[in-house]
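Participant: Handing you this structure, nothing more for now.
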Amino acid sequence: MSRHMGTDGKDIMMCLWRENRSMTVQEIAEATNKRRYCVLTAMDNLFGMGWAERSFEGGRARYAAAVTSAEYTATLMREELADAMAPQAQVLVALMASLTPDQRQMVTAALANVA
């Protein structure tokens, strides 16, 4: 499942990263020059993908970035790398990601002895 944002999502996340605070749909719409309905739909999608956080204040939803711009970019890079790798390499990467640092060091040392 891709976690890529559409153009509206990217514009909204750029706004949230720039503002570095929680914002209402109306505030985001005004800051991005997007229609309120467009922002509401995009925010629901971003929240569902885990990119945005939602809280309620006085009956109004407020949204904030759940990840930094760097974390978002790193996730995209990992997805692209995984898509480009052979299935066997994807399994190895998933395994290495699940290991503790000590376990990864042991596997790396073992592989160095093979090469």
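Participant: Would you look at the GNM of the chain, springs on alpha carbons closer than 10 Å, and say which of Asp102, Asp83, Asp11 moves the most?
Facilitator: Between Asp102, Asp83, Asp11, it is Asp102 that shows the largest mean-square fluctuation.
Participant: What whole-number value in cubic angstrom gives the convex hull volume per residue for the C-alpha atoms of region 18-79?
Facilitator: 89 Å³
Participant: Among Thr68, Thr32, Thr100, whose mean-square fluctuation peaks in a Gaussian network model of the chain (Cα, cutoff 10 Å)?
Facilitator: Judging by the Gaussian network model, the answer is Thr100.
Participant: On C-alpha positions alone, give me the angle between the axis of helix 36-49 and the longest principal axis of the chain, in degrees, nearest 10.
Facilitator: For helix 36-49, the angle is close to 20 degrees.
Participant: Could you state, as a whole-number percent, how many of the C-alpha pairs of region 10-49 are farther apart than 14 Å?
Facilitator: The calculated P(r) of region 10-49 puts 36 percent of pairs beyond 14 Å.
Participant: Compute the long axis of helix 7-19 from its Cα atoms, compare it with the longest principal axis of the Cα atoms of the chain, and write down the angle in degrees, 0 to 90, nearest 10.
Facilitator: In the chain, helix 7-19 runs at an angle near 80 degrees to the longest axis.
Participant: For the chain, what does the helix formula give at 222 nm: sum of -39500 (n - 2.57) over DSSP H segments with n ≥ 4, over the residue count, nearest 500 deg cm²/dmol?
Facilitator: -21000 deg cm²/dmol
Participant: Where the accessible area of region 3-71 is counted over protein heavy atoms with a 1.4 Å probe, how much of it, in %, is carbon and sulfur?
Facilitator: 46 percent
Participant: Mind checking the per residue accessible area of the chain for me, 1.4 Å probe, whole number of Å²?
Facilitator: 68 Å²
Participant: Next up: Can you give the relative contact order of region 30-115 as a percent, counting alpha carbon pairs under 8 Å and 6+ residues apart?
Facilitator: After rounding, I find 13 percent.
The values are calculated or read from the model by the stated rules, or taken from the named source; none is laboratory data. Note that the structure is predicted; figures quoted are calculated from it, not measured. These accessible areas exclude ligands, DNA and RNA; they are computed on the full protein's heavy atoms, side chains included. Shrake-Rupley method; radii C 1.70, N 1.55, O 1.52, S 1.80 Å.
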